[in-house]
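Down below is the structure, laid out as structure tokens.
The values are calculated or read from the model by the stated rules, or taken from the named source; none is laboratory data. Quick caveat, the model's predicted, so the values are computed rather than measured. No Cβ is skipped: glycine too gets one built from the backbone with ideal geometry, and neighbour counts run over all protein chains shown.
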Amino acid sequence: MSNQAEDPRGPEYDDHRVAELAASIAESSVEEPAPLPSLLTVSEVASVLQLKDRTVYNLANEGEGDSDNGLPFFFKIGGSWRARRKDLDAWLDKQAGK
């Protein structure tokens, strides 16, 4: 016979079981952000740069061609601006080195 009284709420309220469940919930609630695709939209680039979409559109227009202004890594596909992730990363590295 045990000296401990059973919890009237049932065995699922055992302190050890509650601690296990809390740890399990804490581990499962941490989600990794989804990786960005290799081809980015204006909104995705804006999110990375923490800018508004309109600002990115304006910078993309400034950077058309081989300009050092704006965002020269953008190009159009069917009238929509797109950027390769690797070009954005290279541009960010270049900006950080200035």
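Observations on the model:
- Residue list for region 20-42, filter: out of contact with any strand residue (DSSP E or B) (no Cβ under 9 Å at 6 or more places or on another chain), at pLDDT 65 or above and either surrounded by 10 or more Cβ atoms within 10 Å (Cβ to Cβ) or not in a helix (DSSP H, G or I) (or both): 20, 21, 22, 23, 24, 31, 32, 33, 34, 35, 36, 37
- Count of residues meeting criterion [within 16 Å of residue 90 (Cβ to Cβ) and of a type in the set (Ser, Thr, Tyr)] in region 33-63: 1
- Pairing residues of region 80-98 that are assigned to a strand (DSSP E or B) with residues that are at pLDDT below 90 and of a type in the set (S, T, N, Q), at Cβ distances under 9 Å and at least 6 apart in sequence or on separate chains, gives 81/61; 84/38.
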